Amino acid sequence: MRLRLPSGRTLVLALPFLWLGLFFLAPFLIVAKIALSEGALGIPPYAPLLRWTDEGVLTIVLNLGNLATLVSDSFYIEAYLRSLRVAAISGVLCLLIGYPMAYAIARAPEHRRNLLLMLVVLPFWTSFLLRVMAWIGLLADNGVVNNLLLGLGLVSQPVALLYTDFALYAGIVYCYLPFMVLPLYATLSKLDPVLLEAAADLGARPWRAFLTVTLPLSLPGIIAGFMLVFIPAVGEFVIPELLGGPGAQLIGRVLWTEFFQNRDWPMASALAVVLLLLLVLPIAWFQHVQGKGAR
Amino acid sequence: MQQANIARPGSAEPWRDPEAEPYVRILNVTKRFGATVAVDDVSLDIYRGELFALLGGSGSGKTTLLRMLAGFERPDSGRILLDGQDVADVPPYERPVNMMFQSYALFPHMTVEQNIAFGLKMDGLPRAEIRDRVAAMLDLVQLKGFEKRRPHELSGGQRQRVALARSLVKQPKLLLLDEPLGALDKNLREQTQFELVSIQEKLGITFIMVTHDQEEAMTMATRLAVMNHGYLAQVGTPAEVYEYPQSRFVAEFLGTANVFEGLIRAEGPTGALIESTEFDAFFQSDTDPPKPEGARVFVAVRPEKMRIRRAEAGEMAGTNRLIGTVRDIAYYGDFFMFVVELPEGKSIRVSRPNLARLTELPITWDDRVAVEWEPFATVVLPE
């Protein structure tokens with residue numbers, strides 16, 4: 001029998017899978033395991049899944065109670081729905097702001113495009129946390145915006161901006177806008193301008209040419225950008241915690257509370273597992289659509 | 001080179017009729033891009049039903065002129081009249097003009113059917129009419145059965161025909177074609193040339209075509225304009241421009257020409273006698289010279305109008321006769337091209353149709369040969 005060594009290609013392909021297995025799949029299985037455990041007083045604060053009974057029989061105790069609570073307790077359901085809604089609205093807002101930006105960059109003279117793209121990415125050079133904190137300074141009652149409004153005499157009393165939905169959306173849109181602009185730019189810059197000339201030549205006014213040619217051809221970028229905003233925004237914890245009001249009980253905050261305040265690891269894990277499933281479905285759909293587009 | 005204009009039975013020649021009303025009038029049109037003048041004071045009349053070719057190298061302004069007809073560029077000065085209407089300020093989407101793009105510019109997210117229907121949909125025509133007209137177009141370009149395909153599922157020739165169908169379906173007053181056959185391989189190109197001409201005659205739509213391929217222009221066009229550096233070097237039927245070039249540029253751009261320099265020595269009712277300033281020989285033409293006696297001129301002689309034979313011992317160059325040595329022979333199958341080096345160092349090209357079926361040539365490398373031609377083949381060009 002000949003010993004078959006794995007080829008170099010297999011090795012190269014194996015590396016990312018090994019990485020994903022070690023740092024994504026294994027932690028996920030641990031979290032899933034905790035989600036199915038019963039809570040316990042102790043360290044760690046949950047009971048093992050496998051137990052020896054007194055008679056020496058190995059038993060598996062699966063606790064589906066946490067999952068049942070998630071789907072029955074309106075508190076959690078509302079937190080999920082609110083998270084999905086906030087993420088979806090943020091995605092749409094990013095799209096509305098990001099599309100014209102990406103379009104303008106893609107149509108800018110070639111020597112200026114790199115500068116504009118760098119400006120889009122520039123905020124990443126500062127810490128994410130710092131940038132969110134900066135919004136507190138902008139939106140607080142004695143912040144920059146309110147001082148400006150008061151100074152101009154437009155308002156007589158500070159307007160409540162911080163700890164509102166406005167601050168929440170401003171923070172999310174601000175932080176995630178580059179994730180929308182970059183994939184949109186990638187598709188829009190690939191779009192051959194001669195297609196728009198062809199549309200105009202065939203009688204399409206500029207707006208109709210946009211709707212019938214530019215928009216459908218940039219759909220992969222729209223979906224990619226939306227997903228890149230939507231997915232992290234669903235589980236976002238920092239922005240709602242720092243900028244959002246008490247009503248912004250998004251799933252990220254609920255998870256945090258369960259884990260650190262209630263020390264209910266199984267509940268927190270169940271929340272995380274369901275969140276992941278909620279996100280995997282749209283990703284799978286996105287992959288499917290991308291695959292179709294690439295064909 | 002063999003030049004055969006595709007026969008146009010019974011085609012009138014409206015450009016010879018002083019009463020005829022031009023269909024497209026380009027009047028003193030100039031277009032600049034920064035410091036470069038792309039189109040320089042061009043005036044051109046094109047008649048209904050013509051297949052007119054704008055021929056020129058890259059940067060000659062032919063594409064800019066076409067884009068101004070389509071409405072993608074605005075002339076800096078001058079006017080463009082289409083069927084009597086000034087279209088300078090009419091945006092492309094309102095012009096009764098359609099264009100077939102060089103890259104075809106088919107919409108990649110639409111099927112063949114949707115691509116062809118696009119223009120009709122923009123006009124808001126009823127569904128049934130769109131369906132009928134698209135079907136008729138698919139029939140015309142022989143793409144029945146390809147309705148649901150997307151552009152990337154088609155071959156180059158099929159895409160070209162979709163682009164043609166899409167630009168014809170609106171029955172434009174004027175169809176502009178930007179290098180319509182440029183992306184096709186040689187055999188397909190020849191076949192498509194005939195198809196395009198027969199479609200054009202069938203529909204009677206006026207075509208203006210831009211091409212850098214002189215063979216394409218010569219075989220397809222009713223008339224052609226040779227463009228150079230933004231101006232029109234010459235306008236005429238392919239035969240007129242080929243046989244009677246008015247400048248050295250046109251003589252050399254269209255086909256191959258051997259160009260010599262000389263001085264006009266005598267002129268008379270039988271044509272002109274020109275003395276070569278390059279070597280000891282005379283050129284005799286049967287047309288009147290463009291300049292008075294003593295003027296410097298160019299003389300152009302086409303390779304296929306020259307005869308080549310072995311020189312006799314001691315034979316010298318004379319009137320319409322040059323002596324040289326064969327330096328190169330190119331075998332094209334249908335003809336040979338001889339490169340003959342004259343004693344003064346200049347090389348000329350002489351072609352010879354492949355009439356016999358020989359694998360060995362009677363004239364071969366390093367042979368001393370005489371090259372001769374008739375006075376009608378001598379084209380005298382102003383310097």
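Read the figures in this text as sums done on the coordinates, not as results from a lab. If you're wondering where the values come from, they're calculated on a predicted model, not measured in any experiment. Virtual Cβ from ideal backbone geometry, glycine too; neighbours counted across all protein chains shown.
Annotations
- Calculated on the Cα set of the protein assembly as shown, radius of gyration then Dmax: 38.2, 132 Å.
- Comparing mean-square fluctuations of B:Glu129, B:Glu293, B:Glu50 from a GNM of chain B with C-alpha springs under 10 Å, the top value falls on B:Glu129.
- Hydrodynamic estimate: the Kirkwood radius of region B:258-382 over Cα pairs, inserted into Stokes-Einstein at 10 °C and 1.306 mPa s, corresponds to D of 106 µm²/s.
- Compactness of chain B as Cα Rg over 2.2 N^0.38 Å, two decimals: 1.16
- Environment charge at A:Phe75 (Cβ cut-off 13 Å; Lys +1, Arg +1, Asp -1, Glu -1): -1
- Expressed in units of 2.2 N^0.38 Å, where N is the residue count, the Cα radius of gyration of region A:249-291 is 1.48.
- Only helices enter this figure: runs of n ≥ 4 DSSP H residues, each worth -39500 (n - 2.57), summed and divided by the residues of chain A, yield -21000 deg cm²/dmol at 222 nm to the nearest 500.
- For the residue pairs B:Lys148/B:Lys186; B:Lys144/B:Lys173; B:Lys305/B:Lys346; B:Lys173/B:Lys305; B:Lys31/B:Lys173; B:Lys121/B:Lys144, alpha carbon separations beyond 30 Å are given by B:Lys173/B:Lys305.
- DSSP H segments from chain B that extend 24 Å or more along their own axis, Cα-based, with Kyte-Doolittle mean of -1.0 or above: B:186-203
- Values of log10 I(q)/I(0), in the order q = 0.14, 0.20 Å⁻¹, for region A:83-154 under a Debye, Cα-only, solvent-free model: -0.75, -1.04
- Helix runs (DSSP H) in chain A reaching 20 Å along axis by Cα, Kyte-Doolittle at least -0.5: A:74-107, A:165-190, A:219-234, A:265-294
- Extent along principal axes [Cα atoms of region A:163-295; Å; largest to smallest]: 65, 34, 18
- Candidates B:Tyr242, B:Tyr331, B:Tyr231, ranked by Gaussian network fluctuation over chain B, Cα under 10 Å, top entry: B:Tyr331
- Hydrodynamic radius (Kirkwood) for region B:144-275, which is based on Cα pairs only, to one decimal in Å: 17.5 Å
- Convex hull volume per residue for region B:118-196, taking Cα atoms only, in Å³: 104 Å³
- In chain A the longest region clear of GluC sites (Glu not before Pro) that are loop-assigned by DSSP and have at most 16 other C-beta atoms within 10 Å covers A:56-295.
- Computed over chain A, the P(r) tail beyond 27 angstrom holds 59 percent of alpha carbon pairs.
- Here region B:166-221 is treated as an ellipsoid with the same Cα gyration tensor; its semi-axes, largest first and in whole Å, are 19, 12, 11.
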